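The values are calculated or read from the model by the stated rules, or taken from the named source; none is laboratory data. Just so it is clear, the model here is predicted, and its values are computed rather than measured. Here the Cβ positions follow ideal geometry from the backbone for every residue, glycine too, while neighbour counts run over all protein chains shown.
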2 protein chains.
Amino acid sequence: MSKPSQEGMTVKKGENFDEWYTQVILKAELADYSPVSGCMVFRPSGYAIWENVQNATDSEFKRVGITNSYFPIFIPERLLKKEAEHVQGFAPEVAWVTQAGGSELEERLAIRPTSETVMYEVVSKWIRSWRDLPLRLNQWNNVVRWEFRHPTPFLRSREFLWNEGHSMFATREEADAERDEVMGIYRRITEEFMALPGYMGRKTKSETFAGAEATYSIEHLLPDGKAIQGPDWHSDGQNFSKAFDISFVDEDGEKQFAWQNTWAISTREIGVMLAVHSDDRGAIIPPKLSAVQVVLVPIVNDENKEAVLAESRKLIEKLKGHFRAVLDDRDHLTPGRKFNEWELKGVPLRVEFGPRDMKERQAILVRRDTGGKRAVRLAEIAKEVAGELEAIHGSLFERATKALSENTRDAGTLPELKRVLAKHGGIVRVPWCGKAECEAKMREATGGKILNIPMDQKQPKAGCAACGADAISLANFGKSY
Amino acid sequence: MSKPSQEGMTVKKGENFDEWYTQVILKAELADYSPVSGCMVFRPSGYAIWENVQNATDSEFKRVGITNSYFPIFIPERLLKKEAEHVQGFAPEVAWVTQAGGSELEERLAIRPTSETVMYEVVSKWIRSWRDLPLRLNQWNNVVRWEFRHPTPFLRSREFLWNEGHSMFATREEADAERDEVMGIYRRITEEFMALPGYMGRKTKSETFAGAEATYSIEHLLPDGKAIQGPDWHSDGQNFSKAFDISFVDEDGEKQFAWQNTWAISTREIGVMLAVHSDDRGAIIPPKLSAVQVVLVPIVNDENKEAVLAESRKLIEKLKGHFRAVLDDRDHLTPGRKFNEWELKGVPLRVEFGPRDMKERQAILVRRDTGGKRAVRLAEIAKEVAGELEAIHGSLFERATKALSENTRDAGTLPELKRVLAKHGGIVRVPWCGKAECEAKMREATGGKILNIPMDQKQPKAGCAACGADAISLANFGKSY
């Protein structure tokens, strides 16, 4: 059981988002700074969130036939350069190993910013015939992108953790069909586990992943009005399979190149989740992901101490049978002090149990998200707590969905787009003709960008906000983190 | 479903162990070489073994209150140097990042060979009072040790995967008490999941982990007669807590330094397991760890094909309810070809199902380890398969235990030790007085070393094999991988 946290929050979410966010992460003991500039430490309750996201995502991957593997963290420089666009996209952020085992290396080794090149060089030897396809590989690993923008725990760290999925198919049709399967998994993880709503759509060419033909993303909205990209899926076509000779003999005996996709969800998503749900009293962690789901705090005074503690120990055993539950029986802290500490840490549900409750055979459930209290019968505590945790997830998602839609606005013209974005921030739906120069014009005029283009929409009536020509779609536009 | 493997094994385990081992790993598609010299690729069926080891170990860690966390892969050079013995032990094998984000770094960053220094620098800020202890952290990660000895998949790779546990206690008693708990977990994982026997004991001073006061290990025996170290646990005393000021205020208000331990199991253990169990036909993977536990091979000819396949599809659904099971219904391969492929890959149990079995309402179970066949009633197939998998684990462990004890011999004098080791290899129990110069003398005379010293043994009657003085213990001695 850890020490009482240093004093609580001193900044309000609505007043200084950046400082508030940092306080939440540090004071809730979810993460810490490290001696390596720009790299973060995942503390146990922060890492537990990632473990739970990983387990949920991984079991969905396995269900659809994606298998895990592990490739080296090092990429020889010549390999990284093998796909031209790809290396242009990543070279500026690469960390290079130049010395090892006491001597200078003849060739620099990149720390993987992503593993396409090292994986495909090897995988090309594994594939010979159409019978070897599809091959759907994933790895859960650490990657490094040496950014110079201000590092922020979870949201921007030079080293971060993620899944990187890499699949190879015999036909474009099969490859394209994977999009909805994988993005569907990511949507379930973000909505049903992280309680995070978002807009799914296709990135514009200028925002497409380096080396890919098309990128699809889920875009979230941070409380400060900035958009931030969540999980994504990339259609690589045959760009990499031709560069790395990932070829196979088809049923007619012809040589063909594989069609490839890649996809990822990273620990950045945890930062988005905490930023969206947490409040002025500290972190709020959705019940399915919280290291501790329920904390039991006995309310004792000197007369009844032993009796209440004895009952509490029985109660916690019962709760542990169903939930990740903790008994806070520290005797040097007042209940009030304990309440504050667990609220700061974001534990979704508190159970209070005192002498009166003992007499009434009840316990008091206190929700972290609303502060709502109610008494429940001890005989039904497991059922009641399960229901309350579900209710908490539901209202977190509902509240976040409401905030997203309230901060999604429309604009028909460039001046309107500029005005709406400057006044409210958030996400603006704007008609776009599909031309890169109009995209650029909107960017320059507003400092925002096209986040993505919602799928399956009807062609809008309005003309392009930039040039007035027929719009091919309404784009999600906003300033991006 | 992957392609038919290239032809089977061409080398015998007893004739050329090194070449045989490499063939097993590559032909069973467990691992592959990589474009980075000395680093390996974990292919899906090889990585699945690690995932299963991880899950089993991690749930035991969590059960005893060890929590996971994640610290940066980079260690600034000044930090690595903070504990003198420690840096001496690792500096020669470090890979250094000297350039990042397009510019030269002012200070070199080590890729972690192990994380003591970067963890303790941060953790020292988390601990203030005795109430913050014990703190028992673990991380599952990748580490890099730039060795120049011949790389071998799993057994020796410059990057490998492991757990590194790091714990801090208020008293030496509590810290020491952790040894049997953690080594007990490792013993259960190696014996009950990997079917690997070994000798547990304490390392001599000269073999103790850099920076530690004492190291305990499980030592295994490879089929070529060389010993190899398995999981280990280190008592660090206060060496690191003093170097990194991991101090706390005790119940009397006095400042104290924490007592620390560290422990690890790595992917090298998978190589030991495969080397010990596999045979001249390919890999043998213990049932609890194999990605595929049961493969169902339908035996069809043109008349009965549809009927047998239809029944097989029902059967595989039933098996999938209980096991990691696969139906091999590829129609371009003969059953014999399929048998060879799955035997090469080490799947512990094969189920054959043909027209006659369909009539008899039975299936044939074929064990990978013994080749033993028996017919079982379809009505009881789940129970029968479960029993067979348990039996396979049991005989693998029994066979390995027999091999270990048959290759453990005694020697009372230096000439005898030299003779026994030269003639048989394996592990030799030799009386030792505890003096470093006698240990060195034995090493020089034989090319072997003291592996470890079994715990809780009676003082031997014999005198030290090197100097004749009273022996404090019988040491496990052998040539080591």
Check off (1) assigned to a strand (DSSP E or B); (2) more than 8 Å from chain A (Cβ to nearest Cβ); (3) not aliphatic (A, V, I, L, M) for B:ASN52 and give me the number that stays unchecked.
(1)
Evaluate region A:236-248: report whether one residue or more is under 24 Å from A:ILE453 (Cα atoms) and not polar (S, T, N, Q).
yes
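Where in region B:156-230 are the strands (runs of 3 or more DSSP E), entirely inside, with at least 1 residues that are touching a Cys at 6+ places or on another chain (Cβ under 6 Å)?
The strands (runs of 3 or more DSSP E) meeting that bar are B:159-169.
Here is a yes/no grid of residues against (1) within 30 Å of A:LYS461 (Cβ to Cβ); (2) out of contact with any helix residue (DSSP H, G or I) (no Cβ under 8 Å at 6 or more places or on another chain); (3) at pLDDT 95 or above; (4) outside any helix (DSSP H, G or I):
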| site | (1), (2), (3), (4) |
| --- | --- |
| A:LEU319 | no, no, yes, no |
| A:HIS332 | no, no, no, yes |
| A:ALA382 | no, no, yes, no |
| A:ALA386 | no, yes, yes, no |
| A:ALA391 | no, yes, yes, no |
| A:LEU396 | no, no, yes, no |
| A:LYS402 | yes, yes, yes, no |
| A:SER405 | yes, yes, yes, no |
| A:PRO415 | yes, yes, yes, no |
Can you pull out the residues in region A:394-446 that are over 28 Å from the mean Cα position of the chain (by Cα) and of a type in the set (Ser, Thr, Tyr)?
A:THR413
B:PHE90 vs. criteria within 10 Å of another protein chain (Cβ to nearest Cβ) and within 26 Å of B:GLU213 (Cα to Cα):
no
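Please work out which residue is farthest from the chain's Cα centre (by Cα), limiting yourself to region B:122-140 and to residues that are polar (S, T, N, Q) and surrounded by fewer than 21 Cβ atoms within 10 Å (Cβ to Cβ). Write out each step before concluding.
Start the filter on region B:122-140 by keeping residues that are polar (S, T, N, Q), which leaves B:124, B:129, B:138-139.
If we keep only those that are surrounded by fewer than 21 Cβ atoms within 10 Å (Cβ to Cβ) as well, we get B:124, B:129, B:139.
Numbers: B:SER124: 31, B:SER129: 37, B:GLN139: 16 Å.
Of everything passing the filter in region B:122-140, B:SER129 is farthest from the chain's Cα centre (by Cα).
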Of those in region A:467-481 that are surrounded by fewer than 23 Cβ atoms within 10 Å (Cβ to Cβ) and in a loop (DSSP other than H, G, I, E, B), the residue nearest to the chain's Cα centre (by Cα) is A:TYR481
Looking at the structure I just gave you, is B:GLU116 crowded, with 21+ Cβ neighbours inside 10 Å, more than 9 Å from every other protein chain (Cβ to nearest Cβ), under 30 Å from B:ILE185 (Cα atoms) and modelled with pLDDT of 95 or more?
yes
Give me the pairs: first residue in region A:351-371 and at positive phi, second residue aliphatic (A, V, I, L, M) and surrounded by 12 or more Cβ atoms within 10 Å (Cβ to Cβ), beta-carbon distance under 8 Å, and six or more apart or on different chains, which are they?
A:ARG361/A:LEU378
How many residues does region B:148-159 contain that are more than 7 Å from chain A (Cβ to nearest Cβ) and surrounded by fewer than 21 Cβ atoms within 10 Å (Cβ to Cβ)?
5
Restricting the search to region B:379-388, which residues are buried (at least 17 other Cβ atoms within 10 Å of the Cβ) and either over 17 Å from B:VAL295 (Cβ atoms) or without any contact (Cβ under 8 Å) to a residue 40 or more places away in the chain (or both)?
B:GLU384, B:GLU388
Counting only residues that are away from chain A (no Cβ under 14 Å), among the small types (Gly, Ala, Ser) and in contact (Cβ under 8 Å) with a residue 60 or more places away in the chain, how many does region B:160-190 have?
1
Counting just the residues of region A:55-90 that are assigned to a helix (DSSP H, G or I), of a type in the set (A, V, I, L, M, F, W, C) and surrounded by 16 or more Cβ atoms within 10 Å (Cβ to Cβ), which one comes out farthest from the chain's Cα centre (by Cα)?
A:LEU79
Using the structure shown, decide if B:GLU60 is more than 7 Å from chain A (Cβ to nearest Cβ), of a type in the set (Asp, Glu) and under 28 Å from A:GLY38 (Cβ atoms).
no
List the residue pairs whose Cβ atoms are under 8 Å apart, where the first residue sits in region A:69-80 and is more than 14 Å from A:ASN142 (Cα to Cα) and at the interface with chain B (Cβ under 7 Å from one of its Cβ atoms), the second is surrounded by 22 or more Cβ atoms within 10 Å (Cβ to Cβ) and of a type in the set (S, T, N, Q), and the two are 6 or more positions apart or on different chains.
A:LEU79/A:THR117
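I want to confirm something. Restricting to region A:22-54 and keeping residues that are among the aromatic types (Phe, Trp, Tyr) and surrounded by 21 or more Cβ atoms within 10 Å (Cβ to Cβ), which single residue is nearest to the chain's Cα centre (by Cα)?
Among those that are among the aromatic types (Phe, Trp, Tyr) and surrounded by 21 or more Cβ atoms within 10 Å (Cβ to Cβ), it is A:TRP50.
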Single match in A:VAL122, A:VAL97 (criterion: touching a strand residue (DSSP E or B) at 6+ places or on another chain (Cβ under 8 Å), part of a helix (DSSP H, G or I), within 10 Å of another protein chain (Cβ to nearest Cβ) and hydrophobic (A, V, I, L, M, F, W, C))
A:VAL122
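Got a sec? Which of B:THR67, B:THR98 is out of contact with any Asp or Glu (no Cβ under 7 Å at 6 or more places or on another chain) and of a type in the set (S, T, N, Q)? First the steps, then the outcome.
Details: B:THR98 fails: out of contact with any Asp or Glu (no Cβ under 7 Å at 6 or more places or on another chain).
None of the others qualify; the one that does is B:THR67.
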Within the set of pairs 6 or more residues apart or between chains, which connect a residue that is closer than 18 Å to A:ASN138 by Cα inside region A:240-263 to a residue that is surrounded by fewer than 16 Cβ atoms within 10 Å (Cβ to Cβ) with Cβ atoms less than 6 Å apart?
A:TRP259/A:ARG172
Which condition from (1) among the polar types (S, T, N, Q); (2) under 35 Å from the mean Cα position of the chain (by Cα); (3) surrounded by 14 or more Cβ atoms within 10 Å (Cβ to Cβ) is the one that A:SER312 breaks?
(2)
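Test B:LEU105 against the criterion of being over 22 Å from the mean Cα position of the chain (by Cα), surrounded by 20 or more Cβ atoms within 10 Å (Cβ to Cβ), more than 7 Å from chain A (Cβ to nearest Cβ) and not small (Gly, Ala, Ser), and give yes or no.
no
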Need pairs with beta-carbon distance below 8 Å; first residue of a type in the set (Lys, Arg) and within region A:315-328, second assigned to a helix (DSSP H, G or I); sequence gap 6+ or separate chains.
A:LYS318/A:ILE381; A:LYS318/A:ALA382
Show the residue pairs meeting these rules: Cβ distance below 8 Å; 6+ apart or different chains; first residue within region B:191-204 and closer than 26 Å to B:GLU51 by Cβ; second residue in a strand (DSSP E or B) and at pLDDT below 95.
B:MET200/B:PRO454
For region B:217-225, check the following and say yes or no: at least one residue is in contact with a His (Cβ under 6 Å, 6 or more places away or on another chain) and at pLDDT 95 or above.
no
Can you tell me how many residues within region A:1-49 are out of contact with any Pro (no Cβ under 9 Å at 6 or more places or on another chain), outside any helix (DSSP H, G or I), away from chain B (no Cβ under 14 Å) and modelled with pLDDT of 95 or more?
6
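Strands (runs of 3 or more DSSP E) wholly in region A:239-316 with at least 3 residues that are closer than 30 Å to A:ALA84 by Cα - which ones? So that I can check it myself, show each step before the final result.
Working: elements: A:247-249, A:255-257, A:259-266, A:294-298.
It comes to A:247-249, A:255-257, A:259-266.
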Single residue of A:VAL36, A:VAL41 found to be free of Cβ contacts under 8 Å to residues at least 12 places away in the same chain and β-branched (Val, Ile, Thr):
A:VAL41
